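The values are calculated or read from the model by the stated rules, or taken from the named source; none is laboratory data. Note that the structure is a prediction, hence the values are computed from the model and not measured. A quick note on method: Cβ atoms are made from the backbone with ideal geometry, for glycine too, and the neighbour counts reach across all protein chains shown.
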Amino acid sequence: MVQPGVPNLVLQKALQPYGLTYAPDPASQKACTIGGNIGTNAGGPHCLKYGVTSQHVVALEVVMPDGDIVETDLRFAGYDLTGFFVGSEGTLGIVTKAALNLIVLPQRVSTMLVSYLTLESAIQSVTDIITAGIIPSTLEAMDEKTVRAVESFVHAGYPMDAGAVLLIEVDGGREIEEQIAAIKKICETNKSLEFRLAKDDAERDKLWEGRRGSYPSMARLAPNVLVEDGAVPRKPPAGGPEKNSRRRRRLRP
Ligand SMILES: Cc1cc2nc3c(=O)[nH]c(=O)nc-3n(C[C@H](O)[C@H](O)[C@H](O)COP(=O)(O)OP(=O)(O)OC[C@H]3O[C@@H](n4cnc5c(N)ncnc54)[C@H](O)[C@@H]3O)c2cc1C
């Protein structure tokens, strides 16, 4: 059980000596708390492979508006009350304890930085990697403006002349060598400029420092920065979009 005021990064560091980790890792992890992560159903770079907070909360203790203390537990039969509270932004009650699902730290982690002339070729690589059946642990894209803002502030080693950059990470056992080779081939097919594999933890941390520093890097450039999290549906298989749009049209008043 963890208390809600524990910052996400403090939890991650406390778990490390046991060879364990908690998958949801929002970019705000230095400052945000487990309670806030539960309140917002937070994700993070690793949610591509491991899922968001709702997939990692097993049980909760919640103080209800009338003062009652309620315990929820996914492992018992009945309604999924744990899932009901996750993402409810504190509107249903105050979480005072949480039991979380932990995962074993992968044996190996490899981080790649791939640069491109255009954002389109970077995003095509993302599509091709997923289509090839590879699920990297993270797959982050940054456009030219972000790359430049980050590099001039964080000095993470990002190429200033790139039109876009992908930060790709794979984890697991020996099979990741095959994945790296397949990813490299896909990136080259999409005309990547540079394919760089972080040679050690220090280089890997530096590359991530850049990604995590993208918001403060932008904030330096303007007095007000508005961050919007958008969700774009992936192109469904043939026949899918028309069917979906018909359904949407019927729902309109
Ligand atoms: C720079 C930056 C980067 C970010 N990156 C990501 C990202 O990569 N992925 C992502 O998903 N989100 C991201 N976020 C948003 C993210 O969801 C929040 O930062 C984080 O989850 C909120 O945690 P917090 O401790 O700051 O909560 P707060 O902002 O304090 O609270 C968030 C919500 O949770 C509720 N809440 C807090 N504690 C409890 C509790 N004990 N019981 C019930 N409800 C509670 C609050 O009422 C509120 O509605 C980012 C935000 C910033 C500023």
* Mind checking which pairs have a first residue in the stretch 18-41 that is outside the structural domain of His56 (by TED's automatic domain parsing) and a second that is buried (at least 22 other Cβ atoms within 10 Å of the Cβ), Cβ under 8 Å, 6 or more apart or different chains? -> none
* Just name the residue that is modelled with the lowest pLDDT out of those in the stretch 52-86 that are closer than 12 Å to Asn101 by Cβ and not aliphatic (A, V, I, L, M). => Arg75
* To do: Kindly indicate the residue of the stretch 65-97 that is more than 20 Å from Thr33 (Cα to Cα) and in contact (Cβ under 8 Å) with a residue 24 or more places away in the chain and also nearest to the chain's Cα centre (by Cα) among those meeting that condition.
  => Asp73
* Taking into account only those residues within the stretch 74-103 that are farther than 16 Å from Gln3 by Cβ and among the charged types (D, E, K, R), which is surrounded by the fewest Cβ atoms within 10 Å (Cβ to Cβ)? -> Arg75
* Among (1) more than 25 Å from Ile134 (Cβ to Cβ); (2) more than 10 Å from the ligand (Cβ to nearest atom); (3) more than 15 Å from the chain's Cα centre (by Cα) - the single one Leu9 does not satisfy -> (3)
* Some residue of the stretch 52-71 being within 30 Å of Val170 (Cβ to Cβ), of a type outside the set (Asp, Glu) and within 10 Å of the ligand (Cβ to nearest atom) -> yes
* To do: Just give me the residues in the stretch 179-198 being within 22 Å of the chain's Cα centre (by Cα) and either assigned to a loop (DSSP other than H, G, I, E, B) or not aliphatic (A, V, I, L, M) (or both), in sequence order.
  => Gln179, Lys184, Cys187, Phe195, Arg196, Ala198
